[in-house]
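Q: One structure follows; several queries about it will come next.
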Amino acid sequence: MRCAVFSVTSNGIALAEKLIKGCPRHSFDVYVKEGRKAGEGVFHYSTLKDAVAECFERYDALIFFSALGIAVRMIAPHLESKLKDPAVIVVDEAGRHAISVLSGHVGGANELTGEAAAVLGAEPVITTATDVNEIKAPDALASKLGMRPVPKSEIQTLNGTLVEGKEIKWAVDTLLENAEFYEHKLEEYGVHGEKISVDEIFKSEAPTVFLTQSEGKHRKGLLYLIPQRLIAGIGCRRGVSSELIRDALEKACAQIGQDITRVSEIASTVVKSDEAGLLELASSLGVKTVFFDNETLERTINYYKLPQSEFVKKQIGVGNICEAAALSAVKDGRTALPKTKYTKVTVALIWEK
């Protein structure tokens, strides 16, 4: 996840630094009040209100080292939907409590809160009813599966059913692409998904979570889980073989618990539009490629404040290829894996919301 960290005090800066060192699988940008001493690479803000407004749609998670009330007031004007809002976490000034505030399931705030608490030695505070009752919530599993739960109204219906101690049915569409992959993933989380057809799903009125390719007609108690597109942004040395790029992509997908067959699209720079290994890999996976010019990549880099490599910038003209290309390929994205280096290849993975 790409995280924006807001520190109100000097002690908050120290806690932020500790968090960053302990969570290498996420990327962090730290925002501190103008005039406060901080390490290199931080962003300074004049007012927290303006900083949060700028960052709310640009990051996957916002982490406040502040009082809970401050964070709530800052995010309130920007709230839209639990399916789109970033994860929001608050850590108190003493680092005693890490609180999941917003987008606990779909946005991943509950999981991130647990990670932050472990690193900081804090007590995780998670209040969602399913988690409090140690129940596997469909929208939480959807996030882990790389799927989008719809319609939003039925998330509450299904979660409410579980909290009342009642059972729900899990079903996998017989025509769903990679159906076996999803069945195995469900089993890993202790859930059995029965394989049935779309027609069969309406023969029962039982509360049901249905993994399928696209959203169909609605009924009370039916929640669809739809596969999200996974965009792989790839940068590589000239002349790298298809096998080496594939190896890097397989490792990247494994890091987020996915199979390489889940990749929907490969994105890169126009400089790589004739890269044989990259094109060969895309062809073997049966996915399309999209290549962006430097102007587009530069806009994305500036918008998301992506880190840049001076070496790459001298070679290509822009200092970030894989993350910038993957984020350029989607209107709304959530970072599954930030820029990660492999042998002669860099990969970033982005879920399309």
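Q: Could you go through segment 190-198 in sequence order and give the Karplus-derived ³J(HN,Hα) for each residue, using 6.51 cos²θ - 1.76 cosθ + 1.60 with θ = phi - 60°, rounded to whole Hz, and x for Gly and Pro?
A: Values per residue, Gly and Pro as x: x, 10, 9, x, 7, 7, 9, 8, 4 Hz.
Q: Could you order K339, K331 so the one with the most accessible surface comes first? Probe is 1.4 Å.
A: In descending accessible area the options line up as K331, K339.
Q: Okay, moving on. Most fluctuating residue of V72, V172, V101 in a GNM of the chain with Cα springs under 10 Å: which is it?
A: Of V72, V172, V101, the Gaussian network model singles out V72 as fluctuating most.
Q: Right, here's the next one. Rounded, prolate or oblate, given the Cα gyration tensor of segment 156-220, with a/c below 1.5 counting as rounded?
A: It comes out oblate by the Cα gyration axes.
Q: So how many Å³ per residue does the convex hull of the Cα atoms of segment 93-146 work out to?
A: Per residue, the Cα convex hull of segment 93-146 comes to 75 Å³.
Q: For Cα pairs less than 8 Å apart in space and 6+ apart in sequence, what is the mean separation divided by the residue count of segment 284-353, i.e. the relative contact order in percent?
A: Relative CO of segment 284-353 lands at 25 percent.
Q: Where does the charge balance sit around S10 when Lys and Arg score +1, Asp and Glu -1, over other residues with C-beta under 13 Å from its C-beta?
A: Overall, the nearby charge balance is +1.
Q: Distance between Cα centroids, segment 232-264 to segment 97-114: provide it in whole Å.
A: 29
Q: Quick one: pull the percent of accessible area on the chain belonging to carbon and sulfur, 1.4 Å probe, ligands and nucleic acids left out.
A: 49
Q: When N is the residue count of segment 225-284, what does its C-alpha Rg come to as a fraction of 2.2 N^0.38 Å?
A: Rounded to two decimals, the normalised Rg is 1.12.
Q: Might you report the magnitude of the Cβ-based charge dipole of the chain about its Cα centre, with Lys and Arg at +1 and Asp and Glu at -1, to the nearest 20 debye?
A: Using only the charged Cβ atoms, the result is roughly 720 debye.
Q: With just the Cα atoms of segment 1-140, tell me how far they stretch along each of the three principal axes, in Å, largest first.
A: Extents along the principal axes, in whole Å: 45, 31, 27.
Q: State the dimensionless ratio Rg/Rh of segment 73-192 (Rg: radius of gyration of Cα atoms; Rh: Kirkwood radius).
A: Radius of gyration relative to Kirkwood radius: 1.01.
Q: Tally Lys and Arg at +1 and Asp and Glu at -1 over the other residues with C-beta under 13 Å from the C-beta of V198: what net charge comes out?
A: 0
Q: Still on this model: For a quick check of understanding: with a 1.4 angstrom probe and all protein chains in place, what accessible area in square angstrom does D139 have, to the nearest ten?
A: 0
Q: Run the count for segment 25-124, please: Lys pairs, Cα-Cα under 25 angstrom, 8 or more apart or on different chains.
A: Value for segment 25-124: 4.
Q: Let me ask something additional. If you filter segment 154-186 for GluC sites (Glu not before Pro), then keep DSSP loop positions with at most 16 other Cβ within 10 Å, what is left?
A: The qualifying sites are E164, E167, E177.
Q: Take the alpha carbon atoms of the chain, find their radius of gyration, then divide it by 2.2 N^0.38 Å using N residues; give the quotient.
A: Expressed relative to 2.2 N^0.38 Å, the Cα Rg reads 1.03.
Q: What distance in nm separates the two pseudo spin-label positions at K203 and K341, each 7 Å out from Cα along the beta-carbon direction?
A: 5.7
Q: Give the Cα extents of segment 131-272 along the principal axes, in whole Å, largest first.
A: 57, 34, 24
Q: Still on this structure, I have one more. Among rounded, prolate and oblate, which fits segment 118-157 when a ≥ b ≥ c are the square roots of the eigenvalues of its C-alpha gyration tensor, a/c under 1.5 means rounded, and a/b larger than b/c means prolate?
A: Here segment 118-157 falls in the prolate category.
Q: Right, next: Run a plain Debye calculation on segment 234-353 (Cα atoms as equal point scatterers, no solvent) and give log10 I(q)/I(0) at q = 0.10, 0.14, 0.22 Å⁻¹, rounded to two decimals, same order as the q list.
A: Once normalised to I(0) and log-transformed, intensities are -0.25, -0.51, -1.38.
Q: Count the net charge of all other residues whose Cβ sits under 12 Å from the Cβ of V106, scoring Lys and Arg as +1 and Asp and Glu as -1.
A: +3
Q: Express the Stokes-Einstein translational diffusion coefficient of segment 22-64 in µm² s⁻¹, to the nearest whole number, given a Kirkwood radius over alpha-carbon pairs, 20 °C and a viscosity of 1.002 mPa s.
A: Rounded to a whole number, D works out at 186 µm²/s.
Q: Another question, if that's okay. Name the residue farthest towards the positive end of the dipole of the chain from the options P24, T296, A137, assuming +1 on Cβ of Lys and Arg, -1 on Cβ of Asp and Glu, about the Cα centre.
A: It is T296.
Q: Still on this model: What distance in nm lies between label points placed 7 Å from Cα along the C-beta direction at A276 and Q156?
A: For A276 paired with Q156, the spin-label model returns 5.9 nm.
Q: Here's another thing I want to ask about it. Can you run phi through the Karplus equation (6.51, -1.76, 1.60; θ = phi - 60°) for segment 296-311 and list ³J(HN,Hα) in whole Hz, with x for Gly and Pro?
A: 5, 4, 5, 4, 5, 4, 5, 5, 8, 6, 6, x, 10, 9, 5, 4
The values are calculated or read from the model by the stated rules, or taken from the named source; none is laboratory data. From a predicted model like this one, the values you see are computed outputs, not experimental measurements. As a convention, Cβ positions derive from the backbone with ideal geometry for all residues, glycine included, and neighbour counts pool all protein chains shown. Keep in mind that these areas ignore ligands, DNA and RNA; they rest on the heavy atoms of the full protein, side chains included. Shrake-Rupley method; radii C 1.70, N 1.55, O 1.52, S 1.80 Å.
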